[in-house]
Amino acid sequence: MTDCIFCKIIAGDIPSVKVYEDDDVLAFLDISQATPGHTLLVPKTHVADLFAYDTALAETVFARLPKIARAIKASDPRILGLNVLNNNGEVAYQSVFHSHIHLIPRYSEDDDFSIHFGDHTADYTPAQLEAIAEGIRAKVGD
Ligand code: AMP
Ligand code: ZN
């Protein structure tokens with residue numbers, strides 16, 4: 001896709017700091033470095049978001065995650081953990097519409113990266129949870 005910044009990175013038209021590459025994926029440092037080593041894994045095929053993946057592309061991309069995660073962790077003994085984050089849609093904080101997976105190494109609970117999960121446990125009855133799940137189950141394809 002000609003006006004896609006990540007397609008331009010994959011094509012070598014704009015620079016990136018690469019950490020892994022094969023025929024199907026590229027991993028490179030996120031320019032914003034939420035924590036040191038913050039890496040983006042992208043399919044070389046232009047696909048906007050997770051909703052557009054087929055099974056083959058998912059197998060290709062997600063199968064690469066463990067070895068890249070292990071390499072990041074092994075690169076610095078200060079890294080104690082790692083968050084994997086994949087934003088889909090503007091409402092979910094996606095800003096580049098070429099699908100990418102963030103790998104964010106964690107150094108401590110105070111390393112200036114946080115995720116907030118609101119706790120709404122008390123807001124739902126079992127019947128409401130069942131109705132939500134049934135709505136999703138009814139839409140699961142292959
Ligand atoms: P998201 O908000 O999930 O769409 O994340 C997009 C990410 O792409 C952000 O964390 C940006 O810092 C990163 N980014 C944007 N342009 C570049 C670039 N040229 N090289 C590396 N990372 C980039
Ligand atoms: Zn693209």
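The values are calculated or read from the model by the stated rules, or taken from the named source; none is laboratory data. The shown structure was predicted, so the numbers you read here are calculated from the model rather than taken from an experiment. Counting neighbours? That spans all protein chains shown, and the Cβs are built from the backbone with ideal geometry, glycine included. Please note that ligands, DNA and RNA were not included when accessible areas were found on the heavy atoms of the full protein model with its side chains. Shrake-Rupley method; radii C 1.70, N 1.55, O 1.52, S 1.80 Å.
Exposed loop sites here are chymotrypsin sites (Phe, Trp or Tyr not before Pro) in DSSP loop states with at most 13 other C-beta atoms within 10 Å. What is the longest stretch of the chain lacking them? Write down the numbers at each step before the final one.
Details: sites that count: Y93, F117, Y124.
Result, exposed sites excluded: 1-92.
Name the most mobile residue of D49, D119, D13, meaning the one with the largest mean-square fluctuation, in a Gaussian network model of the chain with Cα contacts below 10 Å. The residue that fluctuates most here is D119.
For N86 and A127, the FRET efficiency from 1/(1 + (r/R0)^6), where r spans their Cβ atoms and R0 equals 30 Å, is about 0.45. Between L85, L50, L129, which gets the highest mean-square fluctuation from a Gaussian network model of the chain, Cα cutoff 10 Å? Evaluated over the chain, the most mobile residue of the options is L129. Using the alpha-carbon centroid of each, what span in Å lies between the stretch 1-23 and the stretch 78-111? Result: 19 Å between the Cα centres.
I79 sits among other residues whose Cβ lies under 9 Å from its own Cβ, and their net charge, with Lys and Arg +1 and Asp and Glu -1, is +2.
Between K8 and S32, the modelled labels are 1.8 nm apart [label points 7 Å from Cα along Cα→Cβ]. Under a cut-off of 30 Å between alpha-carbon atoms, report the lysines in cross-link reach of K73, not counting same-chain residues fewer than 8 places apart. Answer for K73, where 30 Å is the Cα cut-off: K8, K18, K44, listed by chain and number. The GNM of the chain, with springs linking C-alpha atoms under 10 angstrom apart, assigns the highest mean-square fluctuation among G118, G37, G12 to G118.
Across the stretch 5-137, the relative contact order, built from alpha-carbon pairs under 8 Å that are at least six residues apart, equals 24 percent. Near G37, once Lys and Arg are set to +1 and Asp and Glu to -1 for all other residues with Cβ below 14 Å from its Cβ, the sum equals +1.
For the chain, what is the accessible area per residue in Å², given a 1.4 Å probe and the full set of protein chains?
Result: 66 Å² of accessible area for each residue.
Seen from I115, the other residues with C-beta closer than 15 Å to its C-beta sum to a net charge of -4, counting Lys and Arg as +1 and Asp and Glu as -1. Scattering from the stretch 8-142 was approximated by placing one identical point on each alpha carbon and applying the Debye formula without solvent; log10 I(q)/I(0) at 0.17, 0.18, 0.22 1/Å stands at -1.03, -1.10, -1.35. Surface composition of the stretch 5-137: carbon plus sulfur atoms hold 58% of the accessible area, using a 1.4 angstrom probe and ignoring ligands, DNA and RNA.
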